Every structure is written in structure tokens, then in C-alpha cells.
1. Just the Kirkwood number for segment 20-121, please: inverse of mean 1/r across all distinct Cα pairs, in Å, one decimal.
2. Could you please state how large a percent of the accessible area of segment 1-61 is carbon and sulfur, counting protein chains only and using a 1.4 Å probe?
3. Could you give me the ³J(HN,Hα) list for segment 32-43, computed from phi with Karplus coefficients 6.51, -1.76, 1.60 and θ = phi - 60°, whole Hz, x at Gly and Pro?
4. I need to check one value: relative contact order of the chain, counting alpha carbon pairs closer than 8 Å and at least 6 residues apart, in percent.
5. Can you give the accessible area per residue of the chain, in Å², using a 1.4 Å probe?
6. Using a 1.4 angstrom probe on the protein heavy atoms only, line up GLU88, GLU6 by accessible area, largest first.
7. Ranked from the most accessible area to the least, with a 1.4 Å probe and all protein chains present, what is the order of LEU11, LEU18?
Amino acid sequence: QVQLVESGGGLVQPGGSLRLSCAASGSIFRIAVMGWYRQAPGKQRELVVVITSGNTTSYADSVKGRFTISRDNAKNTVYLQMNSLKPEDTAVYYCNAAIQMVRTTTPRNYWGQGTQVTVSS
């Protein structure tokens, strides 16, 4: 079985910074893509950013220039550095990963439990 465990959420003032982490554990053979999504109250879950195993990234326009994704393949961990946070960034942030387990041939999609980020003065 595979688990994604997120950490690093919290309350921050506008203009502040937070760093989220997501560690994957279990019988992992390969992680193809990792990323972050978010869901604000009353809204649909939306893509924030994804990163491939080759470190190609794709950001939502709303976070370009403020958020930075990175991954440590040796630790099966992805990070999201969030700077210049705005109240509209308030949401539950979910880690997502396409993971191929050992003794399987195709990756499956996994989600973390979510971590709350609140930007407010």
C-alpha cells in the first residue's frame, strides 16, 4: 500500500510564506508525477502545480512567480514553497502522485489527506 502524508499548512498573514511537504511511503517502484491541488470552500478542486520525474513543471497562472515546486526523488518527497501569499490562496491543499508500486506495470493515482492553508490578517 502507498501513503502520501502532507505537512506544513497553517495560518499566515497576507504577504507571508509557507512551505508544504508531502512524503510518499510504501512499496514504491517509481513515481512518475507529483503535484499539488487545492480546494477552497464552495469551489472545485483545482490544479496548483505538477512536476515530473525529470523536473518539468507546470503552474497554474494564479501562482506563477509566487509558488515553487521541487522534489527529492531519493526521499519520495515533494515540496511547495509558497511566497507572497494572498487571501485567495486560502484552501485545503492536497498532494497528488502517480505511483507505480513494485511488481506492477502501471502507475496509479494517489491523494494525500489534505492540509489547510489560511491566509488572513
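The values are calculated or read from the model by the stated rules, or taken from the named source; none is laboratory data. Everything numeric in this text was worked out from a predicted model, so none of it was measured. Ligands, DNA and RNA are excluded from the accessible area calculation, which covers all protein heavy atoms including side chains. Shrake-Rupley method; radii C 1.70, N 1.55, O 1.52, S 1.80 Å.
1. Answer for segment 20-121: a Kirkwood hydrodynamic radius of 14.1 Å.
2. The nonpolar share, carbon plus sulfur, comes to 48 percent.
3. 7, 9, 10, x, 10, 10, 9, 9, 8, x, x, 10
4. This gives 36 percent for the chain.
5. Heavy-atom SASA per residue in the chain reads 53 Å².
6. Putting GLU88, GLU6 in descending order of accessible area: GLU88, GLU6.
7. Order by accessible area, largest first: LEU11, LEU18.
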